[in-house]
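What follows is a short report on a single structure.
The values are calculated or read from the model by the stated rules, or taken from the named source; none is laboratory data. Note that the structure is a prediction, hence the values are computed from the model and not measured. Note that we place each Cβ from the backbone using ideal geometry, even for glycine, and neighbour counts take in every protein chain shown.
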Amino acid sequence: MADAASQIGAASPPRRRRAGRGEARAGMLFALPWMVGLAIFTLIPLVITFYIAQAKFQITGAPKWVGLQNYAAIWADPEVWASARNTLMFATISVPIKLVLALGLALLLNRVTALSGFYRTVFYLPFLMPAVAGSVVFILLLNPGAGPVNIMLQAMGLHPPDWLLDPKAALWTLILLSLWPLGVETLVFLGGLQNIPRDVSEAADLDSPHPWHKLIWITLPLITPMILFNLVIGIIYSFQVFTQALVIGGTTGKPAEATLMYMVVLYRAAFRYFNMGYAAAMATVLFGVVLVLTLLIFRTARSWVYYEGETR
Amino acid sequence: MSDPALIQPRRTAPRKLGSMLIYHALMLAIAGVFLLPFYWMTISAFKNNAEIFANPVTWFPDPIRWDNITALLTRDDFPYLRQFLNSVFYAGSVALAVCFSCSLAAYSFGCLRWRGRNLVFGLTVCALLLPGIVTFLPVYLGWTKLGLNGTYWPLIAPFFCGDAFFIFMLRQFFLGVPRELMDAARLDGTSEFRIWWQIVLPQVRTALIIVGLFAVVYTWNEFFGPLIYLQDREKFPLSLGLFTFQAARAKEWSTTMMGAFFMAMPMVVLFLLTQRLFRQGLASTGLK
């Protein structure tokens, strides 16, 4: 879209030129604070991070060039591997489940009833819950002995897990917690559903008596742009999961490193042991992984995302 | 879909009533699951420890322990009021900074044509997708060198330059301002600054409020930055204060829950009052 705008700008008649020059100057001037900020807080630090990643650097004292030693150390660090495994599992399980649940909720919400507004509000509320407060509440809710969730489950005759105390269950608990604030994803899907033209939807109803057919062949293809959007954002964010993991597992990923996340190990390296070079190297690895995944998703997106007007 | 009566005319009335009941029962059950943490937080805030862990579960505090509020506000190791005000200051400053700086950049990207614009905007979108930590460490070292570690400077100052997400969001609104409006003013010889201030900004007033709201919510919940830069309990915002308290006093649940309650409430109330704006803002970030 930005490209189209620039083409129009380039093709505007020469009469506009003179006014255009003042506009161009103003454009740069208005963007200047941001360009300075972008350079100081993003672009230059990005380069420096890659530089620090190749140095031994403990904040005090000068950085000492060590080449790829930090990366070798990361490769040999079992805690990095444990945290990477946890983070990967967290992301690959929580993101798809969250998308499916959000889509289901959006489908349920996509009808006009007296309570629609109420439901939408309720599903959005958890997103506003500060992550620290939300995590703390979940620790209490899921208290294995005396938390209300387990008391209720036991009353129903079930054998609930020890949630946050059992190393086998703790990561799943973290995933469960991440599913709670799915309001944003739901509202994005709902926006997509409400944009589906009425005639398309009605034609589909006439063509087939099975609602499933419509869902798979009409509804889903039409909201693939929203699926892509939620998927990319979800992947990027879940690889950086930190606050919930730190509140629940502390810096050691209690219990037994089950909730140890990549960002927590990185945080420890940088701000507990002040091993900046090591932490910077970890940051560049995260950057690389997220970059590759994002590019992969966008690359495959061409074959499964439908943009309206594309084929016309 | 939006009008079932039109789509399925053959359905008889009683069946429709039945499916309606099932629908609402299902939705209310889901809503209950979503609200349970809020509800449990609220009632636990007004119980003592024994009552919180009572078996069977008690769904309403009896008695309602109002003194939990004073207990929270008078603790030496958890200066709650102070931290609350810190959060207000932090969120307010960031919101104001963002509204100002991002409206400059978004105006430039959305309404003005200049060479290099698409490149800079492209970089902005890339910055949006960048994991924050990959630029964080050098910036941290810089602030430390300046001696500003331990203050709110590193947490607020960058927002005076702008923020990729909010610029992106505001630009969507600026794109909707009709170009004729600006061109007419230009023909009259109005300066570009006055066009921005007197003609364009009033057009996007709602958008600015939306961006301010999102900035408040974002900053109120922000945890990583304060965790790194602040060491003094008196300077903590609530997110960090509540974390520190819970980590140190894991057993004092009623105080923790009261703290969480008063941390969540301002956001919930703010949202309930401004719901429509929130949804409009969300719609703007999706997919353009």
> Would a scan of the stretch A:89-111 turn up a residue that is modelled with pLDDT under 90 and either in a loop (DSSP other than H, G, I, E, B) or within 27 Å of B:T256 (Cβ to Cβ) (or both)?
Replying inline: yes
>> Anything in the stretch B:196-207 that is surrounded by 20 or more Cβ atoms within 10 Å (Cβ to Cβ) and under 18 Å from the mean Cα position of the chain (by Cα)? List them, or say none.
In response: B:A207
> Restricted to the stretch B:126-160, and to residues that are among the aliphatic types (A, V, I, L, M) and at the interface with chain A (Cβ under 9 Å from one of its Cβ atoms), which residue is surrounded by the fewest Cβ atoms within 10 Å (Cβ to Cβ)?
Replying inline: B:L129
> So A:G134 clears everything in (1) modelled with pLDDT of 90 or more; (2) not in a helix (DSSP H, G or I) except one condition, right? Which one?
Replying inline: (2)
> Can you tell me which residues in the stretch B:47-87 are at pLDDT below 85 and of a type in the set (S, T, N, Q)?
Replying inline: B:N49, B:N55, B:T58
> How do the pairs read when you match residues in the stretch A:276-293 that are more than 16 Å from B:V139 (Cα to Cα) with residues anywhere that are acidic (D, E) and in a helix (DSSP H, G or I), using Cβ under 6 Å and keeping only pairs 6 or more apart or on different chains?
Replying inline: none
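Among what's in the stretch A:237-250 and is more than 10 Å from chain B (Cβ to nearest Cβ) and among the β-branched types (V, I, T), pick the residue that is surrounded by the most Cβ atoms within 10 Å (Cβ to Cβ).
A:V241
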>> Please return the ranges of helices (runs of 4 or more DSSP H) entirely within the stretch A:194-312 where 1 or more residues are at pLDDT 90 or above and polar (S, T, N, Q).
In response: A:224-239, A:243-249, A:276-304
> If you check B:A283 against the conditions, is it under 22 Å from A:G183 (Cα atoms), within 11 Å of another protein chain (Cβ to nearest Cβ), modelled with pLDDT of 90 or more and surrounded by 15 or more Cβ atoms within 10 Å (Cβ to Cβ)?
Replying inline: no
>> Looking only at the stretch A:53-87, count every residue that is within 13 Å of chain B (Cβ to nearest Cβ), within 25 Å of A:T252 (Cα to Cα), aliphatic (A, V, I, L, M) and crowded, with 18+ Cβ neighbours inside 10 Å and tell me the total.
In response: 1
> Within the stretch B:34-140, which helices (runs of 4 or more DSSP H) (wholly inside it) include 3 or more residues that are touching a Gly at 6+ places or on another chain (Cβ under 8 Å)?
Replying inline: B:80-111
> Has the stretch A:258-271 got at least one residue that is more than 10 Å from chain B (Cβ to nearest Cβ), in contact with a helix residue (DSSP H, G or I) (Cβ under 9 Å, 6 or more places away or on another chain) and hydroxyl-bearing (S, T, Y)?
Replying inline: yes
>> With the requirement that a residue be surrounded by fewer than 24 Cβ atoms within 10 Å (Cβ to Cβ) and over 20 Å from the mean Cα position of the chain (by Cα), what does the stretch B:79-110 give you?
In response: B:P79, B:Y80, B:L81, B:R82, B:L104, B:G110
> Which of (1) more than 14 Å from chain B (Cβ to nearest Cβ); (2) under 30 Å from A:M226 (Cβ atoms); (3) surrounded by fewer than 17 Cβ atoms within 10 Å (Cβ to Cβ) is the odd one out, the single condition A:F90 does not satisfy?
Replying inline: (3)
